[in-house]
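Have a look at the structure below before the remarks.
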Amino acid sequence: MRGPNLDRMQCHQPSYLALKRSAEAGCRLCSFFWAALERGVGKGPHHNRIALSHVSERYPGRQISLVAWGGADRSLDRIHVITTGEIPSLSSSFEAGDEDENTTVDPTMHPDHQLALDGVVDLYAYPDDPAAWLGGITGRQLPRTAGNSEDDFQLAWKWLKDCLTNHTICPNGITKPSLPTRIIDVGPSDGSIDPYLLESDERKGLYITLSHCWGGMVPLTTTTLTLEERKRSIPLASLPRTFREAVIITRRFGIRYIWIDSLCILQDSQTDWEKESAVMGDTYTFGFINIAARGALNAEGGCFIPREAEPPPCLVKYFSSDCSITGSMYIRSPSFQAERLQDAPLDRRGWVLQERLLSPRILYFGRQQLYWECAETTFRQDGKHCDVATDGLRLHLDFKASVVFDAAYPFSSGRTHAQYDQQSGQVGVTARSFIQWYKVVRQYTRRDLTFHTDKLPAISGIAKAFQAKTGCTYIAGIWKEDLIAGIAWYLTQPSHDVICMSLPSWSWARIKGEVFFRSLSIAEVKMRDSSCQLVDVAHRLASGLNPYGDILDARLKILGRLIQVHYEALELSDDMFSFGPSIFALDGRPIGRVSFDTLASYPDNVAVFFCLLLYSDDHRAAALALELEKDHCEALYRRIGYVSVDSSPSGQPDGRMPFWQSEPQIITIL
């Protein structure tokens, strides 16, 4: 756990005015702290800022103090500039650097002071300086070019060796896997032989994988026409910059092979693409290490990116506790190297999520620095602590540890979808894994795909890994063993259109947009009082090559309570889009609010449709909005939205009464 070390809080200036005057007089240290205050003062929950000059005039007596921030081992990587005394209407939390979430500071932690965060600066030292090895300062200076210096590779080697030697979950690289169907042989480390495309014929060896952005441009590819040419030679000079530098990195690691999608899959063969995309998850899972060109917009962006010139830091003398040892530490603005993983061009790609979750270890080449991620830990080149609560890291680390590699906790199959023991109040491990799946899907649906038809193939490797651990049955992005909860998804805003017409209406993969699930927490697993039961689900795969890919059609039979409701179209408002307008039973009783899946689902005026109750507890309930399929002899339904069923102020679910008055029936949903 990381946070402020209040025992090491020190007064720096008696007031805002004193700090400002010192900065104006030329004190570089005070200038850094004043700039930090200007960046952070008045940053409330809605990020509204108050002019620092106004705050300093209104609260002249607030003392300016410094507090160290770092890990539980008392290591340090930043300093927070705080104010003590009377608390104005400002932020009352320590902002964790470049993160979204704030960590609230309880004034009782330090009863002599009332604290409010105003700014933050970063702290670094050279590795051989006493400030680092004695003072515990983990922050480090960054070289001018990301990833191309000897120091960069030495650091990457250090991270890799630590992973191979000390991590119990991460694969140790001793067992050589079978190579993918095609792989690029980069030749010897000295570069005396040009790379070429090798058809592996199931030979074994260590290989590296590359994650990169196509970025609207088609990089160098292999087709049926160029296959023989690629097998003879791929001159290094002919490769786009990202590929070329990935080959250099592979050679520096002493690895002979690298897998690059556009060169190792025949780009003009649908059959080859289907075959290779079906095993792409395995390609990344069994790779030795993944190189991620996270700072590049396209194949010409490169891995080695020149950094912005860092503003001159402020040198501060370090003294040991008895003043017998001195050293040097440096203060810099955090904005220089602020770089969030989820903001990178690479992490906006849909395909990259499974590349990230399935790769045993990843070396990120960012615009500012190197990053490391494996199943057990994360590192940053600047030495700052990686907070797993941000950048989706907690999800990634948990998924790697529990699903992809040696299980951190056991998985089991064959249990009920709820996995909740009413007597013990405990939630089973399979239920936990379903919740993890829903979190993966939510993150996946935030990302972009060049081809909408890739919606299921681009996550099929994750589904395959999940199935191998749980033994569950996968259908159109949803697990049969948790199907009732799996179809209880919704969007906060309706999608503009359906992007995969062949997929069933109850599949989240059918539409574009970030998807939310009703069951994202352990507490909500307890809500799954089965108000309906799965009778049967049938589907046809689009291709026998990938059981986790596209499907031609599917239909779902459910035994449940179905009622007719009506929705009266009003002028659409922002409030409606927050979860949708209200719906009513035919006798006028309110049911709840409907979140339509697409804009086309909104009726033009008064409309009657159906609601199917999914599950409920004493206070809440969830239902699907369905419409009757036209031009069919039998009663077939399609999903058009999700309904959140209302409860009365007393907590009694009055809105559900119409459901309980209806008899269960078997319905088919397309």
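Please specify each residue of the stretch 598-609 satisfying the condition of being at pLDDT below 80 and over 20 Å from Ile511 (Cα atoms). Quick ask: steps written out before the conclusion?
At the first step, the residues of the stretch 598-609 found to be at pLDDT below 80 are 600-607.
Listed by number, the residues that qualify are Asp604, Asn605, Val606, Ala607.
Filter the stretch 474-507 down to residues that are at pLDDT 90 or above, out of contact with any Leu (no Cβ under 9 Å at 6 or more places or on another chain) and closer than 22 Å to Leu552 by Cα, then give me how many there are.
Counting residues in the stretch 474-507 that are at pLDDT 90 or above, out of contact with any Leu (no Cβ under 9 Å at 6 or more places or on another chain) and closer than 22 Å to Leu552 by Cα gives 5.
Limited to the stretch 374-392, what total is found for residues that are of a type in the set (Ser, Thr, Tyr) and at pLDDT below 60?
Qualifying residue count for the region: 1.
Among (1) of a type in the set (Lys, Arg); (2) out of contact with any Cys (no Cβ under 9 Å at 6 or more places or on another chain); (3) in the same structural domain as Pro240 (by TED's automatic domain parsing), there is one condition Lys317 misses while meeting the rest; what is its number?
(3)
Taking the residues in the stretch 357-379 that are surrounded by fewer than 23 Cβ atoms within 10 Å (Cβ to Cβ) and charged (D, E, K, R) as candidates, determine which candidate is nearest to the chain's Cα centre (by Cα).
Ranking the candidates gives Glu376 first.
In this structure, is Tyr318 more than 24 Å from Phe451 (Cα to Cα) and either within 26 Å of the chain's Cα centre (by Cα) or of a type in the set (Phe, Trp, Tyr) (or both)? Give the derivation first.
Working: more than 24 Å from Phe451 (Cα to Cα): yes; either within 26 Å of the chain's Cα centre (by Cα) or of a type in the set (Phe, Trp, Tyr) (or both): yes.
In short, yes.
Kindly indicate whether Ser277 is assigned by TED's automatic domain parsing to the domain that holds Phe365, farther than 14 Å from Thr209 by Cα and small (Gly, Ala, Ser). Give the steps one after another, and end with the answer.
Numbers: assigned by TED's automatic domain parsing to the domain that holds Phe365: yes; farther than 14 Å from Thr209 by Cα: yes; small (Gly, Ala, Ser): yes.
Yes, satisfied.
Against the conditions (1) over 27 Å from the mean Cα position of the chain (by Cα); (2) on the phi < 0 side of the Ramachandran plot, where does Gly187 fall short? Just the number, please.
The number of the failed condition is (2).
Within the stretch 197-211, how many residues turn out to be modelled with pLDDT under 95 and buried (at least 20 other Cβ atoms within 10 Å of the Cβ)?
0
Among what's in the stretch 486-513 and is among the small types (Gly, Ala, Ser) and in a loop (DSSP other than H, G, I, E, B), pick the residue that is nearest to Leu534 (Cα to Cα). Walk me through how you get there before you give the answer.
So in the stretch 486-513, the residues among the small types (Gly, Ala, Ser) come out as 486, 488, 495, 502, 505, 507, 509, 513.
Narrowing further to those that are in a loop (DSSP other than H, G, I, E, B): 488, 502, 505, 507, 513.
On the way: Ala488: 14, Ser502: 22, Ser505: 16, Ser507: 15, Gly513: 27 Å.
The selected residue is Ala488.
Can you pull out the residues in the stretch 124-182 that are within 30 Å of the chain's Cα centre (by Cα), among the small types (Gly, Ala, Ser), outside the structural domain of Glu274 (by TED's automatic domain parsing) and not in a loop (DSSP other than H, G, I, E, B)?
Ala146 - this is the single residue of the stretch 124-182 that is within 30 Å of the chain's Cα centre (by Cα), among the small types (Gly, Ala, Ser), outside the structural domain of Glu274 (by TED's automatic domain parsing) and not in a loop (DSSP other than H, G, I, E, B).
Restrict the check to the stretch 177-198 and report whether at least one residue is within 15 Å of Arg361 (Cβ to Cβ) and either touching a residue at least 24 places away in the same chain (Cβ under 8 Å) or touching a Lys or Arg at 6+ places or on another chain (Cβ under 6 Å) (or both). Explain how you work it out, then say what you get.
Looking only at the stretch 177-198, we keep the residues that are within 15 Å of Arg361 (Cβ to Cβ), and these are 177.
Right, trim to either touching a residue at least 24 places away in the same chain (Cβ under 8 Å) or touching a Lys or Arg at 6+ places or on another chain (Cβ under 6 Å) (or both) and you get 177.
Yes, that holds for at least one residue.
List every residue pair whose Cβ atoms lie under 9 Å apart, where the two residues are 6 or more positions apart in sequence or sit on different chains, the first residue falls within the stretch 317-330 and is free of Cβ contacts under 8 Å to residues at least 60 places away in the same chain, and the second residue, located anywhere, is of a type in the set (Ser, Thr, Tyr) and surrounded by 14 or more Cβ atoms within 10 Å (Cβ to Cβ).
Correct list of pairs: Lys317/Ser328.
Out of all the residues in the stretch 453-485, which are assigned to a helix (DSSP H, G or I) and under 20 Å from the mean Cα position of the chain (by Cα)? Don't jump to the end; show me each part of the working.
Taking the stretch 453-485 as the starting set, the residues that turn out to be assigned to a helix (DSSP H, G or I) are 453-454, 457-470, 480-485.
Once the filter is applied, which keeps residues that are assigned to a helix (DSSP H, G or I) and under 20 Å from the mean Cα position of the chain (by Cα), the stretch 453-485 yields Asp454, Pro457, Ala458, Ile459, Ser460, Gly461, Ile462, Ala463, Lys464, Ala465, Phe466.
Yes/no matrix, rows are residues, columns are (1) part of a strand (DSSP E or B); (2) at pLDDT 85 or above; (3) surrounded by 18 or more Cβ atoms within 10 Å (Cβ to Cβ):
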site: Pro547; (1), (2), (3): no, yes, no
site: Ala569; (1), (2), (3): no, no, no
site: Asp575; (1), (2), (3): no, no, no
site: Cys611; (1), (2), (3): yes, yes, yes
site: His619; (1), (2), (3): no, no, no
site: Ala623; (1), (2), (3): yes, yes, yes
site: Lys630; (1), (2), (3): no, no, no
site: Ile640; (1), (2), (3): yes, yes, yes
site: Val643; (1), (2), (3): yes, yes, yes
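The values are calculated or read from the model by the stated rules, or taken from the named source; none is laboratory data. Everything numeric in this text was worked out from a predicted model, so none of it was measured. Cβ coordinates were reconstructed from backbone atoms using ideal geometry, including for glycine residues, and neighbour counts include every protein chain displayed.
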